[in-house]
Amino acid sequence: MKSTKPIYWLLLPALLLLSAGSIWGTVHFYPGQNSPSASQVQECIDLKSFVLNEELIGSKKWSVYHSDVLKYETGLSNKNRTIVLVKLIASEAIEVLQSDLRIYEEMALHNDCLLPDFKKQLASVTTDTQTSIDFLLGQGEISGQMFDPNQGIWNTAFYDAYESAIKYLK
């Protein structure tokens, strides 16, 4: 019987380790394992499109709302005009918040497309938005009252910046 060279015996464990590593890498990192399906990708694209379209509407409404808040901040001499302006501001804020709520509700339906941190916060953000709408409609209360139409009072810090929800998408 012919003996093998010692170098082959030294290479055998290295080749076995290399083979085992290749198999392990294929099992754990094969492209099809963790990549989203085509339908999931399309779902996220559709969600992004919905958010962008809804934000076009919402940001325009927010601009109108914000300009009226600035008018309120400058002050009006006639108290009746102030009360009318506050009621107008409230109705504009409701429209913007309803637009935001539609976005959050759509996000909840497609939560696989959301960043993990925002996915955890989505339920409370949705509840807070609905609570604000209900309060402005006179159907509920929230702490830190920001709106009293009978006294012409509005908290000008309420919704003082419009933020895009796109940053919460994957």
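Among residues of segment 121-149 that are closer than 25 Å to Ala108 by Cβ and at pLDDT 65 or above, those with a beta-carbon under 6 Å from a residue that is in a loop (DSSP other than H, G, I, E, B) and of a type in the set (A, V, I, L, M, F, W, C) at least six positions away or on a different chain give the pairs Thr131/Ile142; Phe135/Ile142.
None of Lys60, Lys71, Lys87, Lys119 is part of a helix (DSSP H, G or I), farther than 19 Å from Tyr159 by Cβ and of a type in the set (D, E, K, R) except Lys119. Against the conditions (1) modelled with pLDDT of 85 or more; (2) farther than 29 Å from Lys48 by Cα, Asn78 satisfies every one except (1).
Tell me, yes or no, whether segment 40-54 has at least one residue that is more than 12 Å from Trp154 (Cβ to Cβ), crowded, with 19+ Cβ neighbours inside 10 Å and of a type in the set (Asp, Glu). No - not one qualifying residue is present in segment 40-54. Determine the pairs where a residue that is surrounded by 12 or more Cβ atoms within 10 Å (Cβ to Cβ), located within segment 154-170, has a partner that is aromatic (Phe, Trp, Tyr) with Cβ atoms under 7 Å apart, the partner being 6 or more residues away or on another chain. Within 7 Å, the pairs are Trp154/Tyr72; Trp154/Phe147; Thr156/Tyr72; Tyr162/Trp62; Tyr168/Phe118. What about Leu109, is it out of contact with any helix residue (DSSP H, G or I) (no Cβ under 9 Å at 6 or more places or on another chain) and free of Cβ contacts under 8 Å to residues at least 12 places away in the same chain? Considered against the rule, which asks whether it is out of contact with any helix residue (DSSP H, G or I) (no Cβ under 9 Å at 6 or more places or on another chain) and free of Cβ contacts under 8 Å to residues at least 12 places away in the same chain, Leu109 comes out as no. The conditions of being in contact with a Cys (Cβ under 9 Å, 6 or more places away or on another chain), modelled with pLDDT of 85 or more and either small (Gly, Ala, Ser) or closer than 27 Å to Val51 by Cα (or both) are not met by Lys61. Cβ separations smaller than 6 Å between residues 6+ apart or across chains give no pair from segment 37-49 residues that are touching a residue at least 60 places away in the same chain (Cβ under 8 Å) and of a type in the set (Gly, Ala, Ser) to residues that are surrounded by 11 or more Cβ atoms within 10 Å (Cβ to Cβ) and in a helix (DSSP H, G or I).
The values are calculated or read from the model by the stated rules, or taken from the named source; none is laboratory data. Nothing here was measured: the structure is a model prediction, and the numbers come from that model. Cβ sites come from the backbone with ideal geometry, for glycine too, and all protein chains shown count toward neighbours.
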